[in-house]
Amino acid sequence: MAELTSLQILLLLLMCSSQLESPAVEAAGFPNTTLAKHKCTPSCGTVPIPFPFGIGPGCFLDEWYEISCEVNKTVPRLKKLDLQVLNISLNEQIFFRTDSVITINYPIIHSKSSCKRNDTRDPVSLQGSPFTFSSSSNTFIAVGCNNVAIMETDANSSFVGCKTRCTGANYTSMVSACDGFGCCQSMIPSDLQGFRVDLRRENSTFLKSSGDQDCQYGFLASNDWFQPNKTDLYALRDGDYAPVVLNWGILDASLPKSLRLQLDWTVLTSDEPAECRTTSYVNKSTTPLIRCSCNDGYIGNPYLRDGCLDVNECELPEWQLLDWRRSCYPQKCVNIPGNYKCSNGKRTVTSLII
């Protein structure tokens, strides 16, 4: 995973602290910014709700981004898909790229209804939505004895899957490396918006027992949540959902001209506060999405009109300046939009932020 710069780390910390008392980000060198639309509810429980997502009429871009705040206004849900929201990120560093992601609770698929602890739903299709299952942040997991688990995608009938085995041990009483013994895992295809899970018992001499040993599970899970040798497989008996990461963007049809989003700006030479790019998918049936980010030297919400505001680098603490390649000291620091200059009284030297 790519290392975060000090500015990115500080901004993340400020965003986390801002959700507790105030929707604004405020610190030395940083402007006051709000991630939600003006006069809209900035969070639900402990989860910040940035535009284009929103709570209440006029606060979200369209129905795909509408958030309902339930259970005494503590549990956010994507209203149209009826999925609980755990986190929304405008720009998250994933490997060597920046993605917009939303983490939701997604149903675990059981081999039979008696294995369910509650009224678990079937897999939810994302077809037609601005969401895709993240192939870099999720893994397909299968748990059970002598289990053949197959994930069939909706788009092009491709298959992924894996096979588990057991030799008389109770797989649900231990933590597993998820290397095939009681648990297996598989990568998922890119641009995935829907899938079906087929769980089958492989023909073997394994002696069936009553109860949970007969239950098989197949599900997507966030790589941060499901970790081999750490996740207790026994606990899956009591869980009907697992955290899953979705990539998101803006559908062309949902893009109002009032946002004034500019597409395909040149990052290193543009003085614009934000940039937006259209994604390209391997799967041609997946609708391209527009994703935006504030350029270096700006922070805020790139999906809001004038939502990316200038950072005053001259007011940043000295430890923060290490990432800016040079400090102006003992010269005078002069802030300019998206950048800063060092002045010695005779001439001014601009320090580029790369």
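Could you list, in sequence order, all residues of region 301-327 that are at pLDDT 80 or above, part of a loop (DSSP other than H, G, I, E, B) and among the hydrophobic types (A, V, I, L, M, F, W, C)? Let's see the steps before the verdict.
Pass one, region 301-327, residues at pLDDT 80 or above: 301-315.
With the extra rule that they be part of a loop (DSSP other than H, G, I, E, B), the set shrinks to 301-307, 311-312.
Those that are at pLDDT 80 or above, part of a loop (DSSP other than H, G, I, E, B) and among the hydrophobic types (A, V, I, L, M, F, W, C): Leu304, Val311.
Of all residues in region 35-84, those satisfying the criterion of being buried (at least 21 other Cβ atoms within 10 Å of the Cβ) and among the β-branched types (Val, Ile, Thr) are Ile49, Ile55, Ile67. Screening Asn283 against (1) part of a strand (DSSP E or B); (2) open to solvent by less than 40 Å² (accessible area, probe 1.4 Å); (3) out of contact with any Lys or Arg (no Cβ under 9 Å at 6 or more places or on another chain); (4) modelled with pLDDT under 85 leaves a single unmet condition, (1). Yes or no: region 240-253 includes at least one residue that is open to solvent by 50 Å² or more (accessible area, probe 1.4 Å), modelled with pLDDT under 65 and under 25 Å from Thr132 (Cα atoms). Scanning region 240-253 turns up at least one residue that is open to solvent by 50 Å² or more (accessible area, probe 1.4 Å), modelled with pLDDT under 65 and under 25 Å from Thr132 (Cα atoms). Is there a residue in region 262-280 that is within 30 Å of Phe140 (Cα to Cα), in a loop (DSSP other than H, G, I, E, B) and modelled with pLDDT of 85 or more? No - not one qualifying residue is present in region 262-280.
The values are calculated or read from the model by the stated rules, or taken from the named source; none is laboratory data. Everything numeric here is computed off the predicted structure, so don't read it as measured data. Please note: Cβ atoms are built from the backbone with ideal geometry, for glycine as well, and neighbour counts cover all protein chains shown. Only protein heavy atoms, including side chains, enter the accessible area calculation; ligands, DNA and RNA are left aside. Shrake-Rupley method; radii C 1.70, N 1.55, O 1.52, S 1.80 Å.
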